[in-house]
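Data block below; observations after.
Read-outs: derived from the displayed coordinates by stated rules, not from any lab. Note that the structure is a prediction, hence the values are computed from the model and not measured. Quick reminder, even Gly has a Cβ in these numbers, built from the backbone with ideal geometry, and neighbours come from all protein chains shown.
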Amino acid sequence: MKKLRKFLTPLAADSLATLNLPPIRIGLLTKLNVLTVGLIVLTVIAISAFYFTRQWYDEDEDLRLHGAAIAATLAAVVDPDGAVADTARLDRVLDALAANPRIAYATVENAGRKVLAERRFAPGLANATLPAPAGVAASTEAAVVGKKDVTPIGFDKLAGFAYLAPEYTGTNPPPLPDTNQIPAAVRAFDGRKVALKGFMLPLKVQEGKVTELILLRDQSMCCFGGVPKLNEFVTVKMTGGGTKAVMDQAVTLVGKLKVGEFTENGYLLGIYQMDGERVEGPGL
């Protein structure tokens with residue numbers, strides 16, 4: 001038995017362990033193939049994430065522009081004083097919105113937040129309290145509470161009359177406008193500090209701040225390429241360090257208003273200017 005024991009006992013050289021396995025060598029070509037596959041996978045993930053993000057953004061932007069177009073259509077049938085100019089047309093517009101599955105409800109209000117018309121399309125909103133309109137700033141009067149030196153004014157007054165610009169026929173210099181078209185009630189605001197609500201269209205930006213802008217009555221020019229009338233916009237130069245750009249929501253601009261025709265090289269540029277002091281509104 002003693003003689004056989006040495007044959008039954010395994011030798012140390014015969015026992016194998018993981019640490020004693022020979023090293024696995026990967027060739028350069030194999031490494032390049034693995035790296036290429038990894039880069040392809042990362043590229044596919046990055047492209048997919050980009051397209052998903054872009055699709056979400058485009059849908060959100062499309063919904064916002066569609067909502068702005070609907071709001072402009074509804075506003076066209078409501079007079080500045082809040083009266084409904086064409087009830088039948090307003091009903092047709094509201095009833096047509098029922099075919100759009102993305103619209104839960106529609107409410108038409110005047111400047112005093114009085115509901116003029118309402119439609120509820122989502123079943124769950126039949127008896128529910130509707131939320132306050134998102135992104136709607138407080139009224140101009142509320143924005144300047146406690147500021148007795150500021151006069152609230154709206155485009156319903158500034159644009160409440162017909163202003164005919166001279167027709168340019170190629171003459172040099174161009175014809176001068178009739179300076180008697182602005183009513184005395186509007187000229188009375190010349191030189192006064194006012195608070196005017198409208199939509200911002202930046203003209204000049206310095207160090208991330210808007211220093212010159214146009215304040216528009218509505219979004220037709222900044223979003224749909226429409227041309228406003230001469231009494232439907234105010235050219236503004238900020239007197240301080242500028243303001244943050246707000247493109248898709250109404251803001252209230254406070255500053256000194258100048259009423260009267262102003263020209264450049266003989267061409268009529270507008271009838272309203274303002275030295276802007278501050279801008280009030282969402283996110284400001």
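Each Lys or Arg adds one and each Asp or Glu takes one away; over the other residues whose Cβ falls under 12 Å from the Cβ of Phe199, this sums to -1.
Longer than 21 Å from Cα to Cα, which of Lys229/Lys258; Lys114/Lys258; Lys114/Lys193 are they? Say none if no pair is. Too far apart for the 21 Å limit: Lys114/Lys258; Lys114/Lys193.
Under the combined filter of DSSP loop state and at most 16 neighbouring Cβ atoms within 10 Å, the stretch 181-284 retains these trypsin sites (Lys or Arg not before Pro): Arg192, Lys229, Lys244.
Over all other residues within a Cβ to Cβ distance under 11 Å of Asp190, the charged ones net out to +4, with Lys and Arg as +1 and Asp and Glu as -1.
By the beta-carbon count within 10 Å of each Cβ, the least crowded to most crowded order of Thr30, Thr263, Thr151, fewest first, is Thr30, Thr263, Thr151. Exposure proxy shown here: for Glu212, Glu167, Glu232, the number of other Cβ atoms within 10 Å sets the order, fewest to most, as Glu167, Glu212, Glu232. Here the mean projected area of the convex hull built on the C-alpha positions of the stretch 165-284 is 8.1 nm².
Ranked by how many other Cβ atoms sit within 10 Å of their own Cβ, fewest first, the residues Phe233, Phe121 fall in the order Phe121, Phe233. Each label point was placed 7 Å from the Cα along the Cα-to-Cβ direction; for Leu125 and Asp248 their separation is 1.9 nm. Computed 3J(HN,Hα) for the stretch 37-45, one whole-Hz value per residue from the Karplus formula 6.51 cos²θ - 1.76 cosθ + 1.60 where θ = phi - 60°, is 4, x, 5, 5, 4, 4, 5, 4, 5, glycine and proline marked x. The local environment of Val279, defined by Cβ-Cβ distances under 11 Å, has a net charge of +2 under the rule Lys, Arg +1 and Asp, Glu -1. Over the C-alpha trace of the stretch 225-265, radius of gyration and Dmax come out as 12.6, 34 angstrom.
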